[in-house]
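Worksheet: one structure, shown below.
The values are calculated or read from the model by the stated rules, or taken from the named source; none is laboratory data. Source: prediction; values computed, not measured. Heads up, the Cβs are rebuilt from the backbone with ideal geometry, glycines too, and the neighbour counts pull from every protein chain shown. To get the accessible areas, we keep the full protein, side chains included, count just its heavy atoms, and leave off ligands, DNA and RNA. Shrake-Rupley method; radii C 1.70, N 1.55, O 1.52, S 1.80 Å.
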Amino acid sequence: MMAFSKSISEFRNHVPAAYDWAYLETGGTGLVPDFVYEGVRRYMDDRYFKGGDSVWLFDDGITWTLPMIEKSKEALAQMIHGRPQEIAFGQSATQMFTLVTEGIDYSPEDNIVTVQEGWIGSRYAWQKRQAEGLEVRFVYPEEGRITAKQMIEQCDSHTRAMAINLVESSTGFRMDVDELGDFCRKNDILFFVDGVQALGVLQIDVQRSNIDFLVGNDYKWMMNFCGTGYAYISQRVRKQIRHWGAGWMSDTDRFNTTKEHWEPRMDAGRFEIGHQHNDGIYGLGLVAAQYNLLGGESIERYVCDLAEDFRLRVQASKGVRLSYNFPKKNCSQIVSIKTAREMELDNEDFKKAKVFMHLREPDQTGEREMRVCFHYYNNKEDIDRFFAVVDACNRR
């Protein structure tokens, strides 16, 4: 049976690394819960000790690989308020994002509006297309924020698509996704969203936000091992993506080796060419099922409340300050702070106190920045342990 938790307060018990560490680095790599570890290990042990294709364990019994993939798609679709047939798996969020950067035939008149200082994976993908002649309009942040107004002002009658990161990785700024999605739909602009730093802890409704394409990964907030990406691909954008490859998984009749001609699937599975990272897909499905059981609204409120408590503690503490002061609607579970130049605080201080996080090198002013991230395996004791390190440094 899956060791799912029925309450957020109990969930920490399923994450052994959280026993010893105040783990505040999920924006880089998240922790793995016991039900993912044990489920994947059981599969690996069967492959190792018995051979052949193993089966996958769920609360309602065991299943083979293709039904397991469908179960994972169902759980992920419920998490984002989409449909299973709109979910596809791939190697990573970055690789999945190239479906819309490389797979759509943009005309010489088209332009793309996106963010300049967002996650480098999607930014590099658009820079490649820019070098090939596509007009890409990069919007620069002001004091760490990019407003919907800034994005909309860059659009015109030739804007083919808008691409954003729902939560900016380094700043924690949360974009006004509903407002942007509404604008894009009314103006027939495709709306692409990188949800890597949100999926798993913040609510996303692809229907309400008019999202055409959404990507996520496995190893951060989805608490999985690294190597699996996934995408929501709406029917609207699915029709526009050029199919540059084909394989047995992309066919309407998988495993029918007697067929003479390929017939592409009509759902998002048409972009799944061959056998995939199945243990990663299994883990993603389990974590999505846990999210759905606890409830997206409860999870978002919990992690954002932790982040707000942390911000208040920063404002009341000596030697540290918030890097940015965002409106509440644009705050997320990621908080960027800076340490004063005179603070003799380094990564070894946190490591000795069993606080897992990373201080960056000093900037030109001598301040050091750090990103503090809150998952639902965190609690207020983790915040206390962080500030115990800060207070100890202030007393030196």
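Partner aspartates and glutamates whose Cα lies under 17 Å from the Cα of residue 380, excluding those fewer than 8 positions away in the same chain, are identified as 10, 20, 25, 300, 305, 308, 309, 391. Here the relative contact order of segment 238-396, from alpha carbon pairs under 8 Å that lie six or more residues apart, stands at 17 percent. Surface composition of the chain: carbon and sulfur make up 50 percent of the accessible area, probe 1.4 Å.
Estimated at 0.36 nm per residue, the fully extended path between residue 246 and residue 275 surpasses their Cα-Cα distance by 9.2 nm.
Entry comment: accessible area of segment 1-64 is 55 Å² per residue, from protein heavy atoms only and a probe of 1.4 Å.
Centre-to-centre, using Cα atoms only, segment 89-111 and segment 40-65 are separated by 34 Å. Placing unit charges on each Cβ (+1 for Lys and Arg, -1 for Asp and Glu) gives segment 89-202 a dipole about its Cα centre, and among 189, 124, 94 the Cα reaching farthest toward its positive end belongs to 94. With contacts taken as Cα pairs under 8 Å and at least 6 residues apart, segment 155-296 reaches a relative contact order of 19 percent.
Of the labelled figures [x] 21.1; [y] 18.7; [z] 25.6, only one reflects mean projected area of the Cα convex hull in nm² as derived from the coordinates, namely [x].
Checking understanding here: applying a Kyte-Doolittle mean of at least 0.5 and a length along the axis of at least 15 Å (C-alpha), which whole DSSP H helices in the chain pass? Membrane-span-like by this criterion, though nothing is claimed about a membrane: 278-294. Shown is the FRET efficiency for residue 312 and residue 143, computed with R0 = 30 Å from the Cβ-Cβ distance and rounded to the nearest 0.05: 0.90. Approximating the spin labels as points 7 Å out from Cα along Cα→Cβ, the residue 48-to-residue 9 distance works out to 3.8 nm.
Between residue 116 and residue 60, the simple label model (points 7 Å from Cα in the Cβ direction) yields a spacing of 5.1 nm. The value of relative contact order for the chain, using C-alpha pairs under 8 Å at least six residues apart, is 22 percent.
The listed residues 126, 262 rank as 262, 126 when sorted by accessible area, largest first, using a 1.4 Å probe. In the context of the full set of protein chains, residues of segment 218-313 present 44 Å² of accessible surface per residue (probe radius 1.4 Å, heavy atoms only).
The local environment of residue 158, defined by Cβ-Cβ distances under 13 Å, has a net charge of -3 under the rule Lys, Arg +1 and Asp, Glu -1.
The order of the peptides 376-382, 226-232, 241-247, 361-367 by mean Cβ neighbours within 10 Å, most packed first, is 226-232, 376-382, 241-247, 361-367. Using a simple spin-label model with pseudo-atoms 7 Å out from Cα toward Cβ, residue 158 and residue 19 lie 6.2 nm apart. Around the Cα centre of the chain, unit charges on the Cβ atoms of Lys, Arg, Asp and Glu (plus for the first two, minus for the last two) sum to a dipole of about 440 debye.
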